[in-house]
């Protein structure tokens, strides 16, 4: 049996609501726009964009209107309405927003080699202030937000769910793969569990080397160790909680396990 084991299993945004027929003339001309919590436009945009070698940015570059329309719909959400949304609706919104605005930023510079070399200072796009969702995070007191703020000022501290690290995609090869559908409130917990399982189950990101008694992990487990420790007591315990049966069984039996972290590839995860 191979001593290297995968950690897991290889596994329009606005809806128009017409006014009632009995509405007075002034109101009948108005159209109420309700947010589509299924994020159907994002799912449709992602459809057929995945290949065996990466994400097909080139096809979206030819026609970026679906991206622009989806982002416009996100930006049009009313702050007062957003404040009334359930936790799961807000979390799904912010995860999808992070991934969609990352995609938009990639398209703005595509083609290029490495994500961490984008930007005027060649340090990546994460501190660029280009996301017009500040009204939905009034505590940050910014009209436009950054990707870092979405992750480190909203997603991580507000929702306190380390599975988020498997759900947001920075467009680099070593980032957990982008989910080929929108995250939605009704299925969010299950979607996050599956996303984590697929991430842990891909030996390109995380694996066990039984011969070396070694747990070889994504650098995300090192960079964000506190999130995993806060939830489960240790990185290994978090993996045992969310990983497949084979991983749990190995961790229960293994003694003096050594944990190491892969080098992070910042190459764009584009189809080649």
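A short reminder: the numbers here are calculations on the coordinates, not readings from a lab. Just so we're clear, the structure is a prediction, and the values are computed from it rather than from any experiment. FYI the Cβ positions are ideal-geometry reconstructions off the backbone, even for glycines, and counts take in every protein chain you see.
For a footprinting-style exposure proxy, rank 218, 64, 109 by other Cβ within 10 Å, fewest first. Kindly include the intermediate steps, with their values, before the conclusion.
On the way: 218 23, 64 16, 109 13.
Final ranking by Cβ density, sparse to dense: 109, 64, 218.
Among 230, 161, which comes first, then next, by fewest other beta-carbon atoms within 10 Å?
Details: 230 11, 161 17.
Listing 230, 161 from fewest to most nearby Cβ atoms yields 230, 161.
Could you list 227, 263, 127 in order of exposure, starting from the residue whose Cβ has the fewest other Cβ atoms within 10 Å? Mind showing how you got there, number by number?
On the way: 227 20, 263 7, 127 12.
Final ranking by Cβ density, sparse to dense: 263, 127, 227.
With the radius of gyration and the Kirkwood radius both derived from the Cα set of the chain, what is their ratio Rg to Rh?
Values: Rg = 20.5 Å, Rh = 20.2 Å.
With Rg and the Kirkwood Rh in hand, the quotient comes to 1.02.
Can you give me the Cα centroid spacing of the range 97-173 and the range 210-226 in angstrom?
For the range 97-173 versus the range 210-226, the Cα centre distance is 24 Å.
At a 10 angstrom cut-off on C-beta neighbours, averaged per residue, how do the peptides 88-95, 54-61 rank from highest to lowest?
On the way: 88-95: 21.8, 54-61: 16.4.
Ranking the peptides 88-95, 54-61 by packing returns 88-95, 54-61.
Under the rule of -39500 (n - 2.57) per DSSP H run of 4 or more residues, summed and divided by the residues of the chain, what mean residue ellipticity at 222 nm is obtained, to the nearest 500 deg cm²/dmol? Write down the numbers at each step before the final one.
Numbers: 12 runs with 104 residues, N = 272.
The helix contribution divided over the chain gives -10500 deg cm²/dmol.
Mind listing P(r) for the range 173-272? All alpha-carbon pairs, 5 Å bins, whole percents.
For the range 173-272, the binned pair fractions read 2, 11, 20, 24, 20, 12, 6, 2, 0 percent.
Between residue 222 and residue 34, how many nm apart are label points set 7 Å from Cα along the C-beta direction?
4.9
Take the alpha carbon gyration tensor of the range 43-140, find the square roots of its eigenvalues, order them as a ≥ b ≥ c, and report rounded if a/c is under 1.5; if not, report prolate when a/b exceeds b/c, else oblate.
Working: a/c = 2.21, a/b = 1.43, b/c = 1.54.
Since a/c reaches 1.5 but b/c is at least a/b, the shape of the range 43-140 is classed as oblate.
Which value in Å does the Kirkwood hydrodynamic radius of the range 82-133 take, with 1/r averaged over all unlike C-alpha pairs and then inverted?
Values: mean 1/r = 0.0801 Å⁻¹.
Mean inverse Cα-Cα distance, inverted, gives 12.5 Å.
Pull up the DSSP beta bridges for the chain and report the antiparallel fraction as a percent, rounded to 5. All intermediate terms of the calculation are to be shown ahead of the outcome.
On the way: 15 of 20 bridges.
Expressed as a percentage, antiparallel bridges in the chain total about 75.
Could you give me D for the range 57-114, from Stokes-Einstein at 20 °C and 1.002 mPa s, where the hydrodynamic radius is the Kirkwood radius over C-alpha pairs? Units µm² s⁻¹, please.
Working: Rh = 12.7 Å.
In µm²/s, the coefficient rounds to 168.
Starting from the 7 Å offset along Cα-to-Cβ, what nm value, one decimal, do you get for the label separation of residue 75 and residue 254?
Spacing of the two 7 Å Cα→Cβ label points: 4.6 nm.
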